[in-house]
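One structure is given here, and the rest of the page talks about it.
The values are calculated or read from the model by the stated rules, or taken from the named source; none is laboratory data. From a predicted model like this one, the values you see are computed outputs, not experimental measurements. Every residue, glycine among them, receives a Cβ derived from its backbone with ideal geometry; neighbour counts consider all protein chains shown. Please note that ligands, DNA and RNA were not included when accessible areas were found on the heavy atoms of the full protein model with its side chains. Shrake-Rupley method; radii C 1.70, N 1.55, O 1.52, S 1.80 Å.
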Amino acid sequence: MRKHQFAKIDCNCTRRATHLKCVFCGVMEYRSLDEARRMTLGQAECQHPDAPQVPPQEKFRAMMGGSLDCLAPDYDTHFKPD
Amino acid sequence: MTQPLRVLVAEDDSVGAALLCGLLVREGHMVIGPAAMGEEAVRLARDERPDAVLMDIWLAGDMNGVEATRAITADFDIPVILVTGATEATDHDLMEQVVGSGALGFMSKPVTGDALRMNLRIVRHHTRLHARLRDSEQRYRSIFDNAVVGIYMADPEGRYLVSNRAFAEMLGWSGPGDLVSGVRSIDAQVYEVPGRRQELLARLRAEGTVAGFVSQVYGRDGDLLWVSEHCTAVHDWAGELLHYEGIVVNVTARIEAEQRWRTTLGILRSTIDAMPDHVVLLDLERNVIMANASWVRQMCGAGHPDAAPSADMAGQVEGAVMVRCPECMSEDGGPTPLDRFLREGGHQAGPVRLLPGGEACTCSVSPYRAPEGTVIGAVLVLRHDGEGCLAGSERLAARADMTGRRGV
């Protein structure tokens, strides 16, 4: 199973929730950063072949009631122009 | 049309008093008095609570207008306008006293209608501002007093300056006053670990604000409790440190629950690590999720740092590295118990040989279920042959089955 890697995009919104976009498949989510860090297995799955594999331990923990971290390491800067 | 004011007139000269009263009535205001003596003016102010006081400086009796003004502004918070024939030139000392009396305005005699009107407008404005300020202060005071979290202000020397009731009660004091006067040194009396406050101050100096600073502190009765502090250093315009402000939450229940949870987890880990058998939790793709110390020693060697302590493999393999189930082969060359489990499910057991090396073991595989009941993995127990993890009949059957077969 592969998981999304969400990064922030500019949305000019005044709410704390943020537009997040998967850097691989491009799917958009309107969520807070914390929500992106705690996604369920169903929410986290990404079909893009380049998306990272979910480590077995993380997946197992998610199945036991845990969650998956889907925030890209460079989430704050990935979509920002240099 | 503006609301008429209730104005107390304090004037010992009857002509002057009549003039002031006349002007006030002409402007539509209500007159209280006139009072000829300072003491009488203070009494009327206390009893009648006027909106404003016109106070002559020189009054009959022992109390002059400046002293009466001081009493009225301090005790009843009523705006006072002083009226006098004295000037800076004629009575310098008196004018010095006027400045510190708390009077809102000053009118020279003879008082004109314009001067009176202007001063009463100032009184109205002052009253409105004052009421707004009082409301605002009451609102914040109410938040401060009724907050369920502790709030305090402390000086850099280590004494509490202000505290709310919740904080005082959290530490076992009967009220904020008791806490402020009773705690002479926060460092010595409150924190359990010596130097803990200095640690907090050092972080405040470096970072300005510190959040979630968890410490053990003493209550007044000597009980220890855990608190989490969010603290900010407050500086003046020149950058000089004035005081610290802190918000405190009692997290004793949370910390104790964490300690109980750690103890329970430690017992479970020690129990599983004490077993001589290899115990491994696998997912359905044969990845090792967790294993006991015996298995870690087998896989990594006895000298490996991971071999002794925790059997939780997640910390070690989180991310890129995947630890796979140990390779083994069935004694009869057919599918191993794990293969049978992955194909058919249910409990599976049988003799196997661990690879490499060919160590003979009996292998038992049990399904591992998620909270909702779905099978998401397997618990695999590998026991050195002869010690037997199989039931007696299974062990006999397994040995009979192995008779005559060639070992690996």
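Ordered from highest to lowest accessible area with the whole protein assembly present and a 1.4 Å probe, A:9, B:247 read as B:247, A:9. Projected onto its three principal axes, the C-alpha set of region B:44-183 covers 61, 30, 29 Å, listed from the longest axis down. Chain A against chain B buries an accessible area of about 1100 Å², both chains summed, 1.4 Å probe radius. With protein chains left intact and a 1.4 Å probe, residues in the protein assembly as shown average 54 Å² of accessible area per residue. Largest first, the extents of the alpha carbon coordinates of the protein assembly as shown on the three principal axes equal 136, 54, 39 Å. Taking the protein assembly as shown as the region of interest, the number of lysine pairs whose Cα atoms are within less than 17 Å, with members eight or more places apart or on different chains, is 5.
For residue A:48 and residue B:181, FRET efficiency with R0 = 51 Å and r from the beta-carbon atoms, rounded to 0.05?
On the way: r = 66 Å, r/R0 = 1.29.
With R0 = 51 Å, the Cβ-Cβ based efficiency is 0.20.
Packing, as the average of other Cβ atoms within 10 Å across residues, places the peptides B:35-42, B:259-266 in the order B:35-42, B:259-266, highest first.
Contour minus end-to-end for residue B:117 and residue B:99, with contour as 0.36 nm per residue of separation and end-to-end as the Cα-Cα distance?
Working: separation 18, 0.36 × 18 = 6.48 nm, distance 2.18 nm.
That works out to 4.3 nm of additional length.
Using the Kirkwood radius built from alpha carbon pairs, what does the Stokes-Einstein equation give as D for chain A at 37 °C and 0.692 mPa s, in µm² per second?
Values: Rh = 12.8 Å.
In µm²/s, the coefficient is 256.
Solvent-accessible area of residue B:148, all protein chains in place: 130 Å² (probe radius 1.4 Å, heavy atoms, ligands and nucleic acids excluded).
Largest first and in whole Å, give the semi-axes of region B:186-284's equivalent ellipsoid, each being the square root of 5 times a Cα gyration tensor eigenvalue.
On the way: eigenvalues 330, 63, 25 Å².
Result for region B:186-284: semi-axes of 41, 18, 11 Å.
Other chains near A:48-61: what is the mean number of their Cβ atoms within 10 Å of each residue's Cβ?
Numbers: counts 0, 0, 0, 0, 2, 2, 0, 8, 16, 15, 3, 5, 13, 3.
Taking all residues of A:48-61 together, the mean is 5.
Checking every one of the trypsin sites (Lys or Arg not before Pro) in region B:152-189 against DSSP loop status and a limit of 16 other Cβ atoms within 10 Å picks out B:159, B:184. Restricting attention to chain B, close to 75% of DSSP beta bridges with both partner residues there are antiparallel. Using C-alpha pairs under 8 Å with a sequence gap of at least 6, the mean separation divided by the residue count of chain B gives a relative contact order of 7 percent. Carbon-plus-sulfur accessible fraction, region B:126-223 (probe radius 1.4 Å, protein heavy atoms only): 52%.
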